[in-house]
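Values in this text are rule-based calculations from the coordinates and carry no lab data. Quick caveat, the model's predicted, so the values are computed rather than measured. Here the Cβ is made from the backbone with ideal geometry for all residues, glycine too, and neighbour counts use every protein chain on show.
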């Protein structure tokens, strides 16, 4: 008998990442989209470990999604919010450590997720 592993089932059981920006809850997948990793590998980083502005925009579009990024902009999201969102998502996805330079404020009850 062939071995079988259902990767979809494992992913389906994970909670999405939910953030509140512009008074609206925005949901992101619990796992890093493969396109982000592909873009990171394809583009690489400079010798100083930095990503160029053009590459950063490409990464945001892969990580946040082009349509969702456009929706966030249309909803009035500020540059600070988009930057904090990208830092938070990179921390949640394990790309950067939790000690990154930008801080993401927690909700008033100390939990970083909205109440269920």
* Structure fact -> Within the range 58-94, restricting to residues that are touching a residue at least 40 places away in the same chain (Cβ under 8 Å), within 24 Å of residue 37 (Cβ to Cβ) and not in a helix (DSSP H, G or I), the one that is farthest from the chain's Cα centre (by Cα) is 94
* Working only within the range 1-29, note down all residues that are over 22 Å from residue 83 (Cβ atoms) and surrounded by 10 or more Cβ atoms within 10 Å (Cβ to Cβ). => 10, 11, 14
